[in-house]
Structures are given as structure tokens and as C-alpha cells.
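The values are calculated or read from the model by the stated rules, or taken from the named source; none is laboratory data. This structure is a prediction, so every number in the text was calculated from the model and none was measured. For neighbour counting, all protein chains shown are included, and Cβ atoms are generated from backbone atoms with ideal geometry for every residue, glycine included. Protein only, heavy atoms only, side chains kept; ligands, DNA and RNA dropped before computing areas. Shrake-Rupley method; radii C 1.70, N 1.55, O 1.52, S 1.80 Å.
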Amino acid sequence: MKIKILHLYPDLLNLYGDKGNIECMRKRLIWRGIDAEVIEYTSDDTGFDLADVDIVFIGGGSDREQKIVCGKLLEHKEAIKNYVEDNGTLVAVCGGYQLLGKYYKLENETIDGLDILDIYTEQGKKRLIGNIVLESDFISEKIVGFENHGGRTYIGNHTPLGKVIYGYGNDEKSAAEGVVYKNVVATYLHGPLLPKNPALCDYILSNAVKRRNPDFEGLLELDDSLENTANQYIVNRFKK
């Protein structure tokens, strides 16, 4: 079995160590004997096709890069929507998260989103910057990361990735962070996110492998003692 990971626009959305997230997914598959192929789709590429893709990854970028990427992604809006509704696995971090919503309202303009999630983002008066710790219903371990965003994202009735126990989260007030919808995981957390949270990475990988192979019984266990020790250090340092 081969799992194909599509990294969208790494030439534009590349602020937050997103290649670390890609490499984490690839390595954790290979360590389990599952072949993994990473495909980069850049701003110069054509022939957008999700038919044989298992994981789509959209990273973060500045408002300028986000606007450029959104214009390109809107050309493939229906293909991405169909992929998501067909339980395709999609991971979106920071700017990529914002692009999945209805719009991102800046001070002087509004960037139309892909309208895949029933969310929207508005620019706030200050940037929300710092370490963040979440409790999540999707994995037993706490999720840690770093956030740096000027937008406030309002997720309506969507299920959040987690509850903020330290940090700001989606909008600084609701204590919600990120969104999980079908096999979409969208979040402001970076750093990069997945090497800091191996259990979350495995949650994402499991969704992708199960879609590829419905008879899949679960990922083989890995020795994550070092990763979990690092994760717990952050939790202990910033817990209230």
C-alpha cells in the first residue's frame, strides 16, 4: 500500500516549518512499512488532480501569499469540496486554516475563502502570539504548539480540534481552537505541529490509511518516548 501526500503551494505557504509536518507524516508511515510518496504542487504547476491522493496539506503564509493561493485554489474549489465530502484527509495550518472558510476580512479588503468549512475570519487589533496547549476529544494526549495570527476565526457549530487550557485559540475568547470536520484537521498551531504531537499525526494518518484500505485495523505502535517527553515538558511548563 502506498499513501500519497499532496503538499499544496509549498513555494508560497512556507512560513511555519510545514516541511517538518510533511516529513513527520512520511516518516511515521515508512517506519511502519507503509510506502509514502510526497507530491509538491507549486504555483507554476498545472493538472490539479485529487483522484489518487490520500492526504492534502495546506500550510501557512502571509496575507499577501494567502491571497495569491486562494485565487489559485478557487479554481479547484469543487474538486477540493468533493474530496473533503468523500472523506479525504486534509490538514490545514494557520493561513491554510483560514482559507477553508467563507472569507478572511482584513482592514481594507476581504479575501474570499473556499467555503469548505462554515467558518469565517476577521482581522483583530493585535496579533495572538505564544505557546498554546489544548485538551482534545480526538486523542488522549494534550496537543501543544505555537500560534501567531492576527485573525479571529469564528467556527459556528463546527467541532473544535480542542479546548484551550493555555493560549488564545481561534478567537481569544471562546477557548476553542481549530476545527475537525470529517477527515479535515484545521488549526492555528504550528512549530511545526506534528513532530510535537505524534498522537495527532497518527490520528491523521489512520484516517487516510483507513480510507485507502477499509480493512485497516490500526497503525503499528512506535516508540514515541522522546516525543512524548518533549510534549509533556511543554504541557507542564504552561499548564495553569
Would it be correct to say that ASP63 is surrounded by fewer than 18 Cβ atoms within 10 Å (Cβ to Cβ), charged (D, E, K, R), closer than 25 Å to ILE132 by Cα and under 18 Å from the mean Cα position of the chain (by Cα)?
-> yes
Any idea which of ILE68, ILE34 is over 26 Å from PHE146 (Cα atoms), over 16 Å from the mean Cα position of the chain (by Cα) and of a type in the set (Val, Ile, Thr)?
-> ILE34
All positions within segment 1-18 that are of a type outside the set (A, V, I, L, M) and in contact (Cβ under 8 Å) with a residue 40 or more places away in the chain | LYS4, HIS7, TYR9, PRO10, ASN14, TYR16, GLY17, ASP18
Take PHE216 and decide whether it is touching a helix residue (DSSP H, G or I) at 6+ places or on another chain (Cβ under 6 Å) and either open to solvent by less than 10 Å² (accessible area, probe 1.4 Å) or among the hydrophobic types (A, V, I, L, M, F, W, C) (or both).
-> yes
Test result for ASP49, more than 19 Å from HIS190 (Cα to Cα) and at pLDDT 95 or above = no
Mind listing whichever residues of segment 1-46 are aliphatic (A, V, I, L, M) and at pLDDT below 95?
-> MET1, LEU8, LEU12, LEU13, LEU15
Kindly list, by first and then second residue, each pair from a residue in segment 31-52 that is open to solvent by 60 Å² or more (accessible area, probe 1.4 Å) and in a loop (DSSP other than H, G, I, E, B) to a residue that is modelled with pLDDT of 90 or more and of a type in the set (Lys, Arg), limited to pairs with Cβ atoms under 8 Å and residues at least 6 apart or on different chains.
-> ASP52/LYS4
Could you list, in sequence order, the residues of segment 172-220 that are within 21 Å of LYS4 (Cα to Cα), in a loop (DSSP other than H, G, I, E, B) and among the acidic types (Asp, Glu)?
-> ASP215, GLU217
PRO192: open to solvent by 20 Å² or more (accessible area, probe 1.4 Å), modelled with pLDDT under 95 and under 19 Å from the mean Cα position of the chain (by Cα), yes or no?
-> yes
Filtering segment 14-30 for residues that are buried (at least 21 other Cβ atoms within 10 Å of the Cβ) and β-branched (Val, Ile, Thr) leaves a count of 1
Among all residue pairs at least 6 apart or on different chains, which show Cβ distances below 7 Å where the first residue, located in segment 58-72, is under 15 Å from THR110 (Cβ atoms) and the second is outside any helix (DSSP H, G or I)?
-> ASP63/LEU106; GLN66/ILE111; LYS67/ILE111; CYS70/ILE111; CYS70/ASP112; CYS70/GLY113
By residue number, the members of segment 162-182 that are touching a Ser or Thr at 6+ places or on another chain (Cβ under 8 Å) and either open to solvent by 30 Å² or more (accessible area, probe 1.4 Å) or modelled with pLDDT under 95 (or both) are LYS163, TYR181
